[in-house]
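Each remark here refers to the structure printed beneath this line.
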Amino acid sequence: MNVVVIGPAGSGKSTFVKNFSSYLKEYDVKVVNLDPASDPIYRADRDIRSFVKTEDVMREYRLGINGALLKSMELSLRYIDELVVDGDFVIYDTPGQMELFLYSKHGLKIAEEISKGFSVCLFIIDAEIASTPENFASVVAQNAVISLRLSMPTLTVLNKCDVVDFDLKRVEEGLKDVGGVLGEIVEKLASLIEYTTLKFRVVKVSALKRTGFDDVFSAINEVFCSCGDIS
């Protein structure tokens with residue numbers, strides 16, 4: 001099972017990857033760092049920075065950080081055979097700049113190579129940020145876009161639930177109170193929840209406290225199991 005972990009900067013992706021891979025220690029689990037701009041905080045079985053470092057790309061090609069990140073993804077594609085590995089679970093940690101995977105042709109090609117076989121995407125979101133109606137609508141829209149662009153099943157995982165207890169019903173009720181033009185936009189975005197896994201199951205974790213991993217594990221398996229809620 002290939003598990004692609006994606007989410008905005010600061011959502012706790014790397015902490016999740018570090019601790020969830022430890023949770024899976026009874027299996028043959030591999031971890032791959034796909035962020036060319038940051039050293040991983042975990043032991044990576046494969047690390048894109050062994051081949052491409054964004055700071056080196058900046059110097060060599062005289063690019064700013066954004067241009068260098070895009071160029072890094074282009075260069076990373078050359079080493080895709082080194083980065084795609086086998087295991088019971090292979091966890092791929094992606095850059096915090098989600099657009100590198102969602103909108104760059106090289107990032108999409110990397111995702112395409114990874115997704116051959118059984119693959120699932122985990123969309124990691126800060127639960128505190130998602131707790132306001134406006135932000136929640138944006139999260140739902142992002143989730144739908146990720147599923148569309150990456151062409152793989154995508155599970156929404158609300159992280160940092162040791163800080164705030166995300167209440168889906170309360171947030172959905174709050175959507176009705178958003179008025180004006182913004183309210184119309186939020187209402188339309190919220191309808192995209194039908195294209196996410198949130199309507200089946202709200203998966204809440206604390207990557208730091210290592211809680212909720214049982215729910216993540218069962219949800220991942222249910223994606224490809226006709227007996228599960230997600231199906």
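The values are calculated or read from the model by the stated rules, or taken from the named source; none is laboratory data. Keep in mind it's a predicted model, so treat the numbers as computed, not measured. Cβ sites come from the backbone with ideal geometry, for glycine too, and all protein chains shown count toward neighbours.
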Might you check whether a residue that is assigned to a helix (DSSP H, G or I), out of contact with any Asp or Glu (no Cβ under 6 Å at 6 or more places or on another chain) and either farther than 24 Å from Phe217 by Cβ or of a type in the set (Phe, Trp, Tyr) (or both) occurs anywhere in the stretch 119-132? yes
By residue number, the members of the stretch 174-184 that are at pLDDT 70 or above and either under 20 Å from Phe123 (Cβ atoms) or surrounded by 15 or more Cβ atoms within 10 Å (Cβ to Cβ) (or both) are Gly174, Val178
Only one of these is within 22 Å of Leu208 (Cα to Cα) and at pLDDT 80 or above: Ile110, Ile124. Name it. Ile124
Given the options Lys160, Lys204, Lys169, name the one that is charged (D, E, K, R), over 27 Å from Ile110 (Cα atoms), in contact with a Leu (Cβ under 6 Å, 6 or more places away or on another chain) and at pLDDT 70 or above. Lys204
One residue from Val171, Val157 being among the β-branched types (Val, Ile, Thr), farther than 20 Å from Gly212 by Cα and surrounded by 18 or more Cβ atoms within 10 Å (Cβ to Cβ): Val171
Please go through the stretch 66-115 and pick out each residue that is within 18 Å of the chain's Cα centre (by Cα), assigned to a loop (DSSP other than H, G, I, E, B) and in contact (Cβ under 8 Å) with a residue 60 or more places away in the chain. Thr94, Pro95, Gly96, Gln97, Met98, Ser115
Are any residues in the stretch 1-22 surrounded by fewer than 16 Cβ atoms within 10 Å (Cβ to Cβ) and touching a Lys or Arg at 6+ places or on another chain (Cβ under 9 Å), and if so, which ones? Ser22
What are the pairs, 6+ residues apart or on separate chains, where a residue within the stretch 176-197 that is assigned to a loop (DSSP other than H, G, I, E, B) has its Cβ under 7 Å from a residue that is of a type outside the set (S, T, N, Q) and at pLDDT 70 or above? Val178/Pro133; Val178/Glu134; Thr196/Val140; Thr196/Ala144
